[in-house]
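Trainee: Once you've had a glance at the structure underneath, I'll fire off some questions.
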Amino acid sequence: MSELNDLYQEVILDHNKNPRNFRPIENADKYADGNNPLCGDKLKVFATLDGDTVTDVSFTGSGCAISKASASIMTQTLKGKTIADAERLFDQFHRMVTGKLDIESEENELGKLRIFAGVLEFPARVKCASLSWHTINAALHGEEEVSTE
Ligand code: ZN
């Protein structure tokens, strides 16, 4: 686990400093505002779709290092995926950070997202890590606002 923790620190710092896909998408097909009042994280996510496939996804906003890094990695993960893929990943991610999915023993497609398993030890951070996922999930389902409270 300590190896995963080192990687976690490194990846969080990198994505916080240089967030990927950190820009608005003009004429996005889907977008939503996500709000985590507990920490003060406010993100907006954007997605462009071709049929059921997410062809572009991005985010803007401000928040703590964990919320930004999580959003950054989420955008990298979802580009090119279908809405069904996104729903499955959201479910797996959410179960992982709330302790309901054991990434070592249960089958999952989380890949790089596994580094966020570490937030399980910090309950206040779970909402930071999952905010962008709740927000894109809302956006893909046509809701334009989501709050973690
Ligand atoms: Zn936060």
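The values are calculated or read from the model by the stated rules, or taken from the named source; none is laboratory data. Just so we're clear, the structure is a prediction, and the values are computed from it rather than from any experiment. Please note: Cβ atoms are built from the backbone with ideal geometry, for glycine as well, and neighbour counts cover all protein chains shown. Surface accessibility is based on the protein's heavy atoms, side chains included, excluding ligands, DNA and RNA. Shrake-Rupley method; radii C 1.70, N 1.55, O 1.52, S 1.80 Å.
Trainee: Which GluC sites (Glu not before Pro) in the stretch 1-104 pass both tests, a DSSP loop state and at most 11 other beta-carbon atoms within 10 Å? Walk me through the numbers before you get to the answer.
Mentor: Working: sites: E3, E10, E26, E87, E104; in loops: E26, E104.
Passing both the DSSP loop test and the Cβ count: E26, E104.
Trainee: I would also like to ask the following. From Cα pairs below 8 angstrom and at least 6 apart in sequence, can you work out the relative contact order of the stretch 2-143, rounded to a whole percent?
Mentor: With pairs under 8 Å counted, the relative contact order is 29 percent.
Trainee: Another question about this same structure. Before rounding to the nearest 500, sum -39500 (n - 2.57) across all DSSP H runs of length at least 4 in the chain and divide by the residue total; then give [θ] at 222 nm in deg cm²/dmol.
Mentor: -14000 deg cm²/dmol
Trainee: Taking a probe of 1.4 Å, how large is the accessible area per residue of the stretch 1-143, in Å²?
Mentor: It amounts to 49 Å² per residue over the stretch 1-143.
Trainee: Projected area of the chain, taken from the Cα convex hull and averaged over every viewing direction, in nm²?
Mentor: Working: hull surface 32.0 nm².
Mean projected area of the Cα convex hull: 8.0 nm².
Trainee: The stretch 10-36 to the stretch 97-119: how many Å between their Cα centroids?
Mentor: Rounded to whole Å, the Cα centres lie 21 Å apart.
Trainee: What is the extension gain from E121 to E109, computed as 0.36 nm multiplied by their sequence separation minus the C-alpha to C-alpha distance, in nm to one decimal?
Mentor: Contour length minus the Cα-Cα distance gives 2.2 nm.
Trainee: Straight distance only, please: which aspartates and glutamates reach the Cα of K68 with their own Cα at less than 17 Å, same-chain residues fewer than 8 apart left out?
Mentor: Straight-line reach from K68, under 17 Å: E10, D14, D33, D41.
Trainee: In the chain, what percent of the accessible surface is made up of carbon and sulfur (1.4 Å probe, ligands and nucleic acids excluded)?
Mentor: Carbon with sulfur: 47 percent of the solvent-accessible area.
Trainee: Follow-up question, since we're still on this one. Which order do S70, S147 take by accessible area at a 1.4 Å probe, largest first?
Mentor: Heavy-atom accessible area, descending, gives S147, S70.
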